[in-house]
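Quick notes on the structure that follows.
The values are calculated or read from the model by the stated rules, or taken from the named source; none is laboratory data. None of the values given here were measured: they were computed from a predicted structure. Don't worry about glycine lacking a Cβ; one is built from the backbone with ideal geometry, like all the others, and counts go over all protein chains shown. In case anyone asks, the SASA skips ligands and DNA or RNA and just uses the protein heavy atoms, side chains included. Shrake-Rupley method; radii C 1.70, N 1.55, O 1.52, S 1.80 Å.
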Amino acid sequence: MEPTREGGGALVDLLDRILVRGIVLDADIIISLAGVPLVALNLRAALAGAETMLRRGALGRGEAPRGAPEPEPRGWSPAGPALR
Amino acid sequence: MGTEGAGVREVSLREVSSRGGEAGEGRYLYCVAEEGERRALGPIGIDGNQVYTIPAGRLCAVVHESPAAPYRSEDREVAEGWLRAHAGVVEAAWEVFGTVLPARFNTIVRGREGRGAAENVESWLRERQGALLDRIARLRGKAEYGVQIAWDAPGAAAQVIAQSPELRRLEEEMRSSSPGLAYLYRQKLERAIRAEMEARAEVRFRDFCDLIRARVADLRAEWRKPDGGGRQVLMSFSCLLRREEAAGLGEVLERIQEMEGFSVRFTGPWPPYSFVAPG
């Protein structure tokens, strides 16, 4: 299986990382946002929709690979079962 | 993928003033890189801003001059453009400087108490120099890959019932009961199936973690419980490894993909957004 950077699913993976991962600086030297940025919620929801449409060919930009999982909105538990 | 950088876009005065803050008061941070000189990367930043480095010691911050206010928009296209530009700058820095510590979107350093934003960036780099260099050393030569594994719940539920005499018996009782009683049996059956599926998902998660961990330098794993409805992404992994070793990871993922009911999405290589802090 080859990794890809193409398609709606890959775009969501990338934008997810840019929105919630990455260096966080000390609060006293950065501009902080109260709550979840509006761009995060709207964009992720919109992209999840776009990925579904891609898979069904509605957007005409080509099919995502068959069997590829649809991107999901956040709601992950990092805890979950204990990892060795 | 569109990470070659957003084109130059005219910024409307309304957007600039609606974001608040005076021009130039902040430094928008894209990433930290292993580079000790002042360098210019061109007008590849958000809104076509000039991107350049602020060096300190053996490191630098890759920035653009911005108002001291976060980028906000309700317009999806605008927001997507900004995010793509951010991704594009981090990619460019990755190519030019080798190893980078990507910053989160909207990380804007401000001035404070008589010290300007650029000064704050520089002193932050000096104060954190050791820790940042350590982290860069760990990431050198490696890239991040994303793995998401989905599970076909209805298929799994059918398997669970077929393999459990207890649950088959419960299903029998349900079918041969009056409507009221059948409803109660259904509730009980669904709860039992869900519990069994959660248990199986957990076992699978551990198995897949082990399989994947053996092929990567570092791993971040997240999971969620099956909610009983259709096909669902259960596991999400961020993998750190050398690009040459991605084929080995791909082999493991191919085996998982071939398992009944599982499907895998494999993306990357990405700059190492998920590995900038100690795990």
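Residue by residue, here is whether (1) within 12 Å of another protein chain (Cβ to nearest Cβ); (2) in contact with a Lys or Arg (Cβ under 7 Å, 6 or more places away or on another chain) holds:
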{"residue": "B:Q187", "(1), (2)": "no, no"}
{"residue": "B:I193", "(1), (2)": "no, no"}
{"residue": "B:I212", "(1), (2)": "yes, no"}
{"residue": "B:Q232", "(1), (2)": "yes, no"}
{"residue": "B:E244", "(1), (2)": "no, no"}
{"residue": "B:V264", "(1), (2)": "yes, no"}
{"residue": "B:S274", "(1), (2)": "yes, yes"}
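Does at least one position in the stretch B:101-112 carry a residue that is at negative phi, of a type in the set (V, I, T) and more than 10 Å from chain A (Cβ to nearest Cβ)?
no
Here is the figure for the stretch B:139-164: residues that are under 30 Å from B:E34 (Cβ atoms) and more than 14 Å from chain A (Cβ to nearest Cβ) total 2. For the structure I just gave you, tell me whether B:N106 is in a loop (DSSP other than H, G, I, E, B) and open to solvent by less than 20 Å² (accessible area, probe 1.4 Å). When the stated conditions are applied, B:N106 passes them.
Matching residues to (1) farther than 30 Å from B:C209 by Cα; (2) touching a His at 6+ places or on another chain (Cβ under 8 Å); (3) of a type outside the set (V, I, T); (4) free of Cβ contacts under 8 Å to residues at least 12 places away in the same chain:
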{"position": "B:G114", "(1), (2), (3), (4)": "yes, no, yes, yes"}
{"position": "B:A131", "(1), (2), (3), (4)": "no, no, yes, yes"}
{"position": "B:G146", "(1), (2), (3), (4)": "no, no, yes, no"}
{"position": "B:G155", "(1), (2), (3), (4)": "no, no, yes, no"}
{"position": "B:Q163", "(1), (2), (3), (4)": "no, no, yes, yes"}
{"position": "B:L167", "(1), (2), (3), (4)": "no, no, yes, no"}
{"position": "B:A192", "(1), (2), (3), (4)": "no, no, yes, no"}
{"position": "B:E196", "(1), (2), (3), (4)": "no, no, yes, no"}
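Residues are listed down the side, and each one gets a yes or a no for (1) on the phi < 0 side of the Ramachandran plot; (2) among the charged types (D, E, K, R); (3) crowded, with 20+ Cβ neighbours inside 10 Å:
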residue: B:G57; (1), (2), (3): no, no, no
residue: B:V62; (1), (2), (3): yes, no, yes
residue: B:A68; (1), (2), (3): yes, no, yes
residue: B:V78; (1), (2), (3): yes, no, no
residue: B:H86; (1), (2), (3): yes, no, yes
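Given the residues B:A247, B:A277, B:A195, B:A221, which is the only one that is in a helix (DSSP H, G or I) and either closer than 22 Å to B:A143 by Cβ or open to solvent by 70 Å² or more (accessible area, probe 1.4 Å) (or both)? Going through B:A247, B:A277, B:A195, B:A221 in turn, just one is in a helix (DSSP H, G or I) and either closer than 22 Å to B:A143 by Cβ or open to solvent by 70 Å² or more (accessible area, probe 1.4 Å) (or both): B:A247.
Listed by first and then second residue, the pairs linking a residue in the stretch A:1-27 that is more than 7 Å from every other protein chain (Cβ to nearest Cβ) to a residue that is in a helix (DSSP H, G or I), with Cβ atoms under 6 Å apart and 6 or more places separating them unless they lie on different chains, are A:G8/A:A50; A:G8/A:E51; A:G8/A:L54; A:V12/A:L47.
Residue pairs whose Cβ atoms lie under 6 Å apart, separated by 6 or more positions or on different chains, with the first residue in the stretch B:48-76 and facing another protein chain (nearest Cβ under 7 Å) and the second part of a strand (DSSP E or B) and open to solvent by 30 Å² or more (accessible area, probe 1.4 Å), are B:A68/B:R110.
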